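This report refers to the structure that appears directly beneath it.
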C-alpha cells in the first residue's frame, strides 16, 4: 500500500476528503469520528508522555476535536493539519470563539509532503487516518523528518486481522466513500504498520489493542445511520458482488494504538 502516485493518489485523497466532509457521516457519529473518542485520545497522550511544553502536530485533524481536548488538558501548542478547507474553517472558528487561538494553529496540507521545517515537533499525533494515506512510506519519512530527535509518534488506527482482497486494497482502484469512513480503505495488519515506521527510522515503544472500541463505534453507526447510509449510491458499493458484511467478515478489522519514537542522537529519550 505504498508508492501510489499520480492521478490514482490524487483521486484517493479527494475521495477521503469528500467522505469526511459529508453531513451524513457527522449525523451518524457526531464530531468524534474515531473509535474511543476523547477518552482514548487522552489515554494515547498519556502513553506518549505528552507535556505542556511540547509542540504537537496532529495529522488529519478534521474539525479539531482532539486538538481542542489536548490543548485544554495539557496547555500545549498544537498544529492541526488537514486537506479539507471546510473542516479547517470550522476548527478555526471554534478556536476563535473559545479564545484558544494563541496555542492552536490550523494548516491546510498533505501528510505525504508536510509543510513544516525539520525537527519542528516533539510529538506527532494521528488518529484513524494513517490507514487512509495512499503513500504510507512517504508519510512515515515525513513524520520522522519533522520530529525532533527523541520525539514521539502516537497513532491509533484500524488494523486487519484476516484476509483482505479487493481491487482498492491492492491499490488498483479508488475505494468507495464508506471505505474511507470506516478507515478500512488502506488498513493493514499491525505488523505492517510497525514495519513501515521502523523502515523510516522509528523505534517501537508499545502497542495496545482497542478493538472493542471499534465494535462500539460500529454499533453506533448501525443505530444512528441516516437512511441510505449503506446503500442507494453506486459510489458506496463494493467491486463485484461482495457485500460490506462479507468484507468485514473476511478482513476482521480491529483497532490498535501504536507508540513509536525517533531515537535521540547519542541515546534514548
**helices (runs of 4 or more DSSP H) wholly inside segment 6-50 containing at least 1 residues that are out of contact with any helix residue (DSSP H, G or I) (no Cβ under 6 Å at 6 or more places or on another chain) and modelled with pLDDT of 80 or more** = 6-21, 37-47
**Prompt:** So which residues in segment 100-122 are more than 15 Å from the chain's Cα centre (by Cα) and either at positive phi or in a strand (DSSP E or B) (or both)?
**Reply:** 104, 105, 106, 107, 108, 113, 119, 121, 122
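Counting just the residues of segment 58-99 that are assigned to a loop (DSSP other than H, G, I, E, B) and in contact with a helix residue (DSSP H, G or I) (Cβ under 6 Å, 6 or more places away or on another chain), which one comes out surrounded by the most Cβ atoms within 10 Å (Cβ to Cβ)? Write out each step before concluding.
Step one: of segment 58-99, the residues assigned to a loop (DSSP other than H, G, I, E, B) are 60-64, 75-76, 83-84, 99.
Then keep just the ones that are in contact with a helix residue (DSSP H, G or I) (Cβ under 6 Å, 6 or more places away or on another chain); that gives 61-64, 83-84.
Working: 61: 27, 62: 25, 63: 24, 64: 25, 83: 16, 84: 19.
Selected residue: 61.
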**Prompt:** With (1) touching a strand residue (DSSP E or B) at 6+ places or on another chain (Cβ under 8 Å); (2) within 23 Å of residue 264 (Cβ to Cβ) as the list, and residue 140 as the residue in question, which single condition is left unmet?
**Reply:** (1)
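Kindly state which helices (runs of 4 or more DSSP H) lie completely within segment 146-228 and contain at least 3 residues that are under 27 Å from residue 264 (Cα atoms) and at pLDDT 95 or above. Reasoning before the result, please.
Details: elements: 177-181, 190-199, 211-224.
It comes to 190-199.
Can we say residue 104 is buried (at least 21 other Cβ atoms within 10 Å of the Cβ), at pLDDT 95 or above, in contact with a helix residue (DSSP H, G or I) (Cβ under 6 Å, 6 or more places away or on another chain) and over 24 Å from residue 182 (Cα atoms)?
Details: buried (at least 21 other Cβ atoms within 10 Å of the Cβ): yes; at pLDDT 95 or above: no; in contact with a helix residue (DSSP H, G or I) (Cβ under 6 Å, 6 or more places away or on another chain): yes; over 24 Å from residue 182 (Cα atoms): yes.
In short, no.
Out of all the residues in segment 105-128, which are under 30 Å from residue 184 (Cβ atoms) and out of contact with any strand residue (DSSP E or B) (no Cβ under 6 Å at 6 or more places or on another chain)?
Step one: list which residues in segment 105-128 are under 30 Å from residue 184 (Cβ atoms), which gives 106-116, 121, 123-128.
Hits for segment 105-128 are 108, 110, 112, 113, 114, 115, 116.
The values are calculated or read from the model by the stated rules, or taken from the named source; none is laboratory data. Predicted model only: the values in this text are computed from it and were never measured. Cβ: placed from backbone, ideal geometry, glycine included. Neighbour counts: every protein chain shown.
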